[in-house]
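Heads up: the structure comes next, in structure tokens.
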Ligand code: ADP
């Protein structure tokens, strides 16, 4: 488990993305230092976050004075101002912050951040757009794609998965997916086994290669 000292993160940029992230980290018991050039935003979030400061983080000296080099992780939540995003990221790398996350507004922006050496680049709008596409086209209720083309999906069970124990269904042999969880109407999620019999109207959690999971959830 992490020690309390590790659960500290600097969030640079308190726009919509940075604020949601910072609030969620607070909710999970982390210490959050929130920084923004905009005094009005800093004021607005000063009660909710552990520490806040008005700071232009493109200035390495400012970051140093705030002790950012002591943090084990930092998130660059600046999107629109790509130049600022790159300068702040390179300052954090220079300061030796071990884990740096940054949000990018375009694939090119993301590529530059990766080339700089930022450890984790996220493209919230692209990623959310792809995810919503999966929800719009099928019966998927939720969709998460991991690296290596592997996905986890929440979906209404297609007929092929219902009526007989999962172990005897063709779910894995024919579709290459695995049912890992099941939720009957009005009940909580529970794990699924080879003996589980899924009924029509049950919601299931399925894992597998992204294309397999997509094909499976397109069945009705
Ligand atoms: P969102 O779409 O999540 O609202 P924005 O890119 O619009 O993201 O907001 C980024 C935030 O980062 C803004 O509040 C802006 O004031 C802040 N910001 C921009 N440049 C700097 C900087 N050099 N140092 C600190 N904060 C900055």
Legend entry - segment 150-202, residues that are surrounded by 13 or more Cβ atoms within 10 Å (Cβ to Cβ), in contact (Cβ under 8 Å) with a residue 60 or more places away in the chain and more than 23 Å from the chain's Cα centre (by Cα): 158
Legend entry - Condition broken by residue 5, with the remaining ones in (1) assigned to a helix (DSSP H, G or I); (2) modelled with pLDDT under 95; (3) farther than 21 Å from residue 69 by Cα satisfied: (3)
Inset, instruction - Might you check whether a residue that is crowded, with 16+ Cβ neighbours inside 10 Å and either part of a helix (DSSP H, G or I) or at pLDDT 95 or above (or both) occurs anywhere in segment 130-143? - result: yes
Inset, instruction - Take residue 78 and decide whether it is modelled with pLDDT of 95 or more and out of contact with any strand residue (DSSP E or B) (no Cβ under 9 Å at 6 or more places or on another chain). - result: no
Inset, instruction - Show the residue pairs that are 6+ apart or on different chains and have beta-carbon atoms under 6 Å apart, the first residue being within segment 105-121 and assigned by TED's automatic domain parsing to the domain that holds residue 78, the second being at pLDDT below 95 and outside any helix (DSSP H, G or I). - result: 105/79
Inset, instruction - Working only within segment 203-220, note down all residues that are under 12 Å from residue 171 (Cα atoms) and surrounded by fewer than 19 Cβ atoms within 10 Å (Cβ to Cβ). - result: 207, 215, 219
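Considering segment 23-39 alone, what residues qualify as being in contact with a helix residue (DSSP H, G or I) (Cβ under 7 Å, 6 or more places away or on another chain) and closer than 11 Å to residue 49 by Cα?
Quick first cut of segment 23-39, residues in contact with a helix residue (DSSP H, G or I) (Cβ under 7 Å, 6 or more places away or on another chain) only: 32, 34, 36.
Correct list: 32, 34.
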Legend entry - Condition met for residue 22 (in a strand (DSSP E or B), at pLDDT 95 or above, buried (at least 16 other Cβ atoms within 10 Å of the Cβ) and within 21 Å of the chain's Cα centre (by Cα)): no
Legend entry - Residue in segment 8-33 that is farthest from residue 88 (Cα to Cα), counting only those that are free of Cβ contacts under 8 Å to residues at least 24 places away in the same chain and within 12 Å of the ligand (Cβ to nearest atom): 20
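The values are calculated or read from the model by the stated rules, or taken from the named source; none is laboratory data. Small disclaimer: the values here were computed from a predicted structure and weren't measured. Using ideal geometry, Cβ is built from the backbone for each residue, glycine included, and neighbour counts are taken over all protein chains shown.
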